[in-house]
1. Determine if the stretch 47-65 includes at least one residue that is modelled with pLDDT of 85 or more, surrounded by fewer than 21 Cβ atoms within 10 Å (Cβ to Cβ), β-branched (Val, Ile, Thr) and under 25 Å from residue 14 (Cα atoms).
2. Tell me, yes or no, whether the stretch 433-446 has at least one residue that is of a type in the set (A, V, I, L, M, F, W, C), surrounded by fewer than 19 Cβ atoms within 10 Å (Cβ to Cβ) and within 24 Å of residue 503 (Cβ to Cβ).
3. Identify the single condition in (1) at positive phi; (2) crowded, with 20+ Cβ neighbours inside 10 Å that residue 473 does not satisfy, given that it satisfies every other one.
4. Need a quick list: helices (runs of 4 or more DSSP H) entirely within the stretch 324-420 having at least 3 residues that are over 29 Å from the mean Cα position of the chain (by Cα) and free of Cβ contacts under 8 Å to residues at least 40 places away in the same chain.
5. In the stretch 494-516, what residues are in a helix (DSSP H, G or I) and more than 18 Å from residue 433 (Cα to Cα)?
6. In the stretch 85-138, what count of residues is obtained for those that are of a type in the set (Asp, Glu) and buried (at least 20 other Cβ atoms within 10 Å of the Cβ)?
7. So, of the residues in the stretch 256-268 that are surrounded by fewer than 22 Cβ atoms within 10 Å (Cβ to Cβ) and free of Cβ contacts under 8 Å to residues at least 40 places away in the same chain, which turns out to be farthest from the chain's Cα centre (by Cα)?
8. Return a yes/no flag: does the stretch 221-236 have any residue that is assigned to a helix (DSSP H, G or I), at pLDDT 65 or above and at negative phi.
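The values are calculated or read from the model by the stated rules, or taken from the named source; none is laboratory data. Just so it is clear, the structure is predicted and the values come from calculations on it, not from any experiment. Here the Cβ positions follow ideal geometry from the backbone for every residue, glycine too, while neighbour counts run over all protein chains shown.
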Amino acid sequence: MTTATEQHPAGPLSAAVANLCTRLQPQVSARTAAGFREVLRRLSAPLQVAVAGRIKSGKSTLVNALIGRRVAPTDVGECTRLVTRFQYGTVDRVEIVFEDGRKQVLPFSADGMIPNDLEVDFDKVSHLEAYLTNAVLRDLTVIDTPGLGSLDDASVKRTEKLLGAAKHRRSESEDGDEDEGGDELDDTSRNAVAGAEAVLYVVTQGVRADDQQALAAFTAATASREAGPVNAIAVLNKADTIAPESVAGSGGDVWKAASMLAEKQAATLKPRVADVIPVIGLLAESAESGNFTSADADALRSLSKLDEGTWETMLMSADIFTTWDCEVTEATRNRLLEKLDLYGIRTAVDALRRDPELTAGALRRSLLNASGLAGVRGRLDAVFRARADGIKAAAALASVTALAHASGDPGERQRVHDAIEVLLAKPEAHQLRLLEALTLVTSGAVAMPEDLAEEVLRVGSSADIGEQLGMKGRPPRELSAYALERAGWWRSFASFGATPAQSRVAHVVHRAYFLIWQQLREQAG
């Protein structure tokens, strides 16, 4: 098992915050020091991404696709009402974690999935920990959550508890020494250090009020760190179920309709999420997890030989597809429907008609391409993985601040505040300043004119210089001139006309532009 002690902070910013916690531990109360130890543990762990959304939005199916293995149960059962943490391990296993901290190994079901029902007292279970050998989990812990819009209050509470007030857990790598009685984390301190560091929020065709509420719940559950473009992206799942005629300008194309609807949803959820990406979770799960077999490819090959009239009639509905008289058995067609749905079946048959010699492996890759999973992974890499250091460091600083505030000791609070200010004053910590400024603006804590808020959002929520400047694809000389121009403008705004709060943000944005200008000059040589 990869242990916490074998891991290292995600990068220089996380390392700087870890050093701050280590230095402060002797200067704070035993209880706050215990909180700092938990912050240190989290800084050395992979980035924790919660997959959240309403019930039946397809969260678990998407989790399976991202992990590349059908392991999370998707049918309604006890396990789908629990939070499950998928993390890297050298031996595949699942543990039931009880409310009192006890653990019990749970065997996988015959099909390799987590069993849907537990043979224990369900009301005493806190959550599940799944350890898998999948390489994708080396730098990403994926947290599958019950629907936050569920009518099942107990499931909602379990989700909120793990995301926001999880009990202090020792990692299995620790040596088991007990803390002395006075430094156990209390509920307030647990709230301060617990919580997913990023969220992948799953929506379907209509963004509703409870989607906004669920994102607000994520915000409340992450030590008051606002869900925003730094730590949240959304996916429009079940894109294949969108009726193209319902989206003006789609030209009857399902995927174009989904992409256009995703853009509208991004505007609705802005600035809570960096982007909304369309995906067909079921297709992605089947193609990526090994659930699509050679037998499935053979059945699709037989269907591709049907005459056009018969084929189009069969695709009118699921019932007609499975019951129409055809040499492919009804049971086989039901299996295809469960794995691919009608859109995936049509996609596969179209591919086989274009190239009858297509192998089962090539057909699987064609289905994977059609699922949109690559787009989701690309955004995960761009928004989360590439910026894990900043996300984790910002989350840790928020936890450190909350722990000091919860202590009730003004002297301790001041010592922590002063140490954080010293850290943030260092040039290498500018990214943290920028993340803080972005959070202040997107949360509404600092009011900005709409055009300036948009600019802060653009500069702070991308690692690509062209995107930061809103000039993607333009030559370096233009980028450099524009960065210097905007640096001067924001410096002037900070000094003249800005409120004190706006001025604080403006100084950070000015420096961001100046550093971009410096970087472009160095690249020009």
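1. No, that holds for no residue.
2. Initially, the stretch 433-446 is screened for residues of a type in the set (A, V, I, L, M, F, W, C), giving 434-435, 437-438, 440-441, 445-446.
Those still in the list that are surrounded by fewer than 19 Cβ atoms within 10 Å (Cβ to Cβ) too: 445.
Checking the rest, the ones that are also within 24 Å of residue 503 (Cβ to Cβ) come to 445.
Yes; the residues of the stretch 433-446 include at least one that is of a type in the set (A, V, I, L, M, F, W, C), surrounded by fewer than 19 Cβ atoms within 10 Å (Cβ to Cβ) and within 24 Å of residue 503 (Cβ to Cβ).
3. Residue 473 satisfies all of (1) at positive phi; (2) crowded, with 20+ Cβ neighbours inside 10 Å except (2).
4. Numbers: elements: 330-354, 360-371, 373-379, 388-407.
Hits in the stretch 324-420: 330-354.
5. First pass over the stretch 494-516, keeping only residues in a helix (DSSP H, G or I): 494-495, 500-516.
Passing the criteria: only 495.
6. Kept after step one, since they are of a type in the set (Asp, Glu), are these residues of the stretch 85-138: 92, 95, 99-100, 111, 117, 119, 121, 123, 129.
Next, only the ones that are buried (at least 20 other Cβ atoms within 10 Å of the Cβ) stay: 129.
Total satisfying the criteria: 1.
7. Applying the filter and picking the extreme gives 256.
8. As a first pass, look at the stretch 221-236 and keep what is assigned to a helix (DSSP H, G or I): none.
Within the stretch 221-236 (the criterion being assigned to a helix (DSSP H, G or I), at pLDDT 65 or above and at negative phi), the answer is no, since none of the residues qualifies.
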